[in-house]
Structures are given as structure tokens and as C-alpha cells.
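Worksheet: one structure, shown below.
The values are calculated or read from the model by the stated rules, or taken from the named source; none is laboratory data. The model shown is predicted, which means the values in this text are computed figures rather than measured ones. Methodologically, a virtual Cβ is constructed for each residue, glycine included, from the backbone with ideal geometry; neighbour enumeration extends over all protein chains shown.
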Amino acid sequence: MAVRYISGGESHGSRLVCILEGLPAGLKVSSDFVNGELSRRQGGYGRGGRMKIERDRVEFVSGIRFGETIGSPITLSVENRDWQNWRDRMSSEGVEFGERVTNARPGHADLTGAAKYSRHDVRDILERSSARETTMRVAAGALCKIFLQSCGVDITSKVLSVGGVTGDAAIRERIDTARAAGDTVGGIFEVTVSGVPAGLGSHIQWDRRLDAKFAAAFMSIQAVKAVELGDGFSNATKLGSEVHDEIFVDGGKIFRKTNRAGGFEGGMSNGADLIVRAAMKPIPTLMTPLATVDIATRQPTTASKERSDTCAIWAAAVVGEAMAAIVTADAFTDKFGGDALCDTLANLQHYRARLTEDFGL
């Protein structure tokens, strides 16, 4: 069974929910680990006032009994504490309350979403398109991480740059300068997946390629506008002899000295670390708003202001880890089965042994 999830909830609604299915039965899980991942998502320099209100904690609603998965869909829920301040404006019942938001923000889903869904209050769009939605990605990804840890897989991330600068002091200064100007700043982060055996994914069909699934998953993260696998962009400027990772053997063991491919070859994992980088644009909500049009009057105006972050690159990196975990967990259950954890691990052990014996991998 494929590992997949679907989430629901608005940024200032009463709660966020998620249904995750495809994880095998028999997996020991902990809300403490999930909550730790949620806390990581809320951190990082440059976050806004919302993170001072929320203390995200997961509730397991279904699919887990006595701390162990039982094979059925896992329902997760996280309460929005800020809901108390938005009860009237975000009520699911009663009459419309408060002023409509009609000034669309450039770079956000506001204008296109309002037109597509025929909504004359942009709040109907911005509430769901908000990156608050990634709370449930991280919760689902945390459970996938627990599964992958049992398979010997580890996932980490790091921020490479912010606003074109590197180094802690320069990054903080860049964020402080942007905040003082009512502006925002983006950055680049990297996610590494270690312990994945060769052969996950496939070269057979386009939609089975593991690299394509990673690219799609990372591009789905709010504000991410470019994805690189391995040294993808720099490889495009070099000769083939400078790019491809040569294959060596020592005592029957096959290995490589480099990993410019980022662990992906022919749509499959090749046994090296999977390395994915993503470029996040500056958040489109500015305290010094850009020019826009009022969709109600069609007159020039300035964009609406919502409480927001100056920089959320560290949060995006944690979300990147979660998406990597979901995609990798799906690849593992596709290859090794996903009904019972004991069967999955037995199949994985047999496969690793076969790769070593037959190919020296």
C-alpha cells in the first residue's frame, strides 16, 4: 500500500487534521517524538508573533492503539490556540462577521485562488494556502521518520544560506535588516536521507521515478521555487567527465568516491545519501506592502497585511525533512511491503543481503 496523506484545516480555524495511511501495523510510535518535530517547525530566527501563541501538540485520533500502529488510517489533530481570537471571523456557522479582505497580495494565492473558486473575500483563500498547513505535513512526516528509523534510515537538514549570505552573524543581520524595512527574505536549505539501499524507485515509468517524486514533494512546499538533486545546477555547467560519479571496487565491495548525483541514478536510489536542496522565495506578506488591486472595486491600492514571518527558512527545512520522510516511506513500503512491520523488515533484510552477495552493494 502506498504511504499517502491528506490534510484539512485553516490557518485560524479551530484545528488542523491529517489522515495518514500506508504505514505498516506493529510500529511503536510516540507523541513525544511528533511533538518534538512540531516544535522544531516553530523555531528559527525571523519567525513572527504567531509562534509565540501556538504550542503545537498532536492528538492521535485513530489508527494507533496502546502506542502501536494497527494498520488502519492514522488520524492526527493539532489544535490552533489562536482560534480563540478568530472565533467570530472564522466561524463555520452563523452570519458573515468582520470586513472582507479584498486586497490581494502579490506572490500569494490570493488573487488567482479568489478567481478560481469565485470567492469575494480573499480570507477564504489565504487561510488554507498559508504555510500553517505544513504543521500536519510535519506530524505525518514524523511518523514516517519513526518507521524509517526502524529501517535504518536517518533524515537531517541544514540551512545553507539566507538572502544570499552565509554564516550565522551575516544571516542574522540580513534578517534584522529586512525586518526593520518591513520586508522579508528567503534562502536555501538542504535535506539528506541516509541509509537508503540501492534500487528504490524505477526507471521503467515516469511516475515511478524516485527523483521525480522527491522533486514534486519539495516543490509542493509553500514558497519553494526551485529544487536541486545532488549538484544538479552546477553539473549542468560541466563536462560529463567532471560530473558522473565513477564506480570502484575494493575486496569485492563496490563504492563511489563522490556523490554529485545526490544518490539518484536512472530514477532510482543508488545507495549513496539522497541529497535534495530547495530554494525558498521571500514570504509574500510584507509589512511594507506592494502595489495591488482591490478585487471589490478594481482600484489600485496596497496589499493586505497579515501577521507573518520575516524569514521561515528553518521551518521550511523541517518541512523538507517531513516530505522526504513521506516519499521515502512510500518507496520502502512499495518495495518491501506495508502490511505488517515484521514482514517489511524481513523483506528489507533479505534485499540488503542479496545486494551485498550478488552485486557488492
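Could you list all residues from the range 244-259 that are in a loop (DSSP other than H, G, I, E, B) and either touching a Gly at 6+ places or on another chain (Cβ under 7 Å) or within 30 Å of ARG105 (Cβ to Cβ) (or both)? Across the range 244-259, the qualifying residues are GLY252, ASN259. ARG40 meets all of the listed conditions (1) surrounded by 16 or more Cβ atoms within 10 Å (Cβ to Cβ); (2) basic (Lys, Arg); (3) without any contact (Cβ under 8 Å) to a residue 40 or more places away in the chain but one, namely (3).
Of all residues in the range 115-150, those being within 18 Å of ARG89 (Cα to Cα) and among the hydrophobic types (A, V, I, L, M, F, W, C) number 3. With the structure loaded, tell me whether SER150 is of a type in the set (S, T, N, Q) and modelled with pLDDT under 95 or whether it fails that test. In short, no.
From the set of residues in the range 73-123 that are of a type in the set (Phe, Trp, Tyr) and under 21 Å from SER14 (Cα atoms), which is nearest to the chain's Cα centre (by Cα)? I'd like the intermediate steps shown before the answer.
Of the range 73-123, the ones of a type in the set (Phe, Trp, Tyr) are 83, 86, 97, 117.
This time we only want the ones that are under 21 Å from SER14 (Cα atoms), so: 83, 86, 97.
Values: TRP83: 24, TRP86: 27, PHE97: 33 Å.
Out of the qualifying residues, it is TRP83.
Might you check whether a residue that is part of a loop (DSSP other than H, G, I, E, B), of a type in the set (Asp, Glu) and more than 21 Å from GLY141 (Cα to Cα) occurs anywhere in the range 225-240? Yes: one or more hits. The single residue among ARG298, ARG307 that is surrounded by fewer than 24 Cβ atoms within 10 Å (Cβ to Cβ) and in contact (Cβ under 8 Å) with a residue 60 or more places away in the chain turns out to be ARG307.
Would a scan of the range 146-160 turn up a residue that is within 30 Å of GLY63 (Cβ to Cβ), free of Cβ contacts under 8 Å to residues at least 40 places away in the same chain and surrounded by fewer than 20 Cβ atoms within 10 Å (Cβ to Cβ)?
Yes, the range 146-160 contains a residue that is within 30 Å of GLY63 (Cβ to Cβ), free of Cβ contacts under 8 Å to residues at least 40 places away in the same chain and surrounded by fewer than 20 Cβ atoms within 10 Å (Cβ to Cβ).
Can you tell me which residue among SER269, SER304, SER308 is modelled with pLDDT of 95 or more and of a type in the set (S, T, N, Q)?
Numbers: SER304 fails: modelled with pLDDT of 95 or more; SER308 fails: modelled with pLDDT of 95 or more.
Exactly one residue qualifies, and that residue is SER269.
Looking across the range 130-147, not a single residue is modelled with pLDDT under 95 and touching a Cys at 6+ places or on another chain (Cβ under 7 Å).
Return the residues of the range 1-49 that are of a type in the set (Phe, Trp, Tyr) and not in a helix (DSSP H, G or I); say none if nothing qualifies. Break it down into steps so the answer makes sense when it comes.
Narrowing the range 1-49 to residues of a type in the set (Phe, Trp, Tyr): 5, 33, 45.
Result: TYR5, TYR45.
If you go through the range 263-309 and keep only what is part of a loop (DSSP other than H, G, I, E, B), within 19 Å of the chain's Cα centre (by Cα) and of a type in the set (Val, Ile, Thr), you end up with just ILE283. Taking residues in the range 335-361 that are at pLDDT below 95, and partners anywhere that are in a helix (DSSP H, G or I) and surrounded by 15 or more Cβ atoms within 10 Å (Cβ to Cβ), the pairs with Cβ atoms closer than 6 Å and at least 6 places apart or on different chains are LEU361/LEU355.
The residues on offer are SER234, SER220, SER241, and the sole one that is exposed (fewer than 15 other Cβ atoms within 10 Å of the Cβ), within 29 Å of ALA109 (Cα to Cα) and among the hydroxyl-bearing types (Ser, Thr, Tyr) is SER220. May I ask you to list the residues in the range 164-204 that are in a helix (DSSP H, G or I) and either of a type in the set (Gly, Ala, Ser) or free of Cβ contacts under 8 Å to residues at least 12 places away in the same chain (or both)? Within the range 164-204, ASP168, ALA169, ALA170, GLU173, ASP176, THR177, ALA178, ALA180 meet the criteria. When the range 113-139 is filtered for residues that are over 28 Å from GLN42 (Cα atoms) and outside any loop (DSSP other than H, G, I, E, B), the ones remaining, listed by number, are ALA114, ALA115, LYS116, TYR117. Contact map, the range 65-82: residues that are over 21 Å from GLY22 (Cβ atoms) paired with residues that are modelled with pLDDT of 95 or more and among the hydrophobic types (A, V, I, L, M, F, W, C), Cβ distance under 7 Å, separation 6+ or inter-chain. Pairs shown: ASN80/LEU16.
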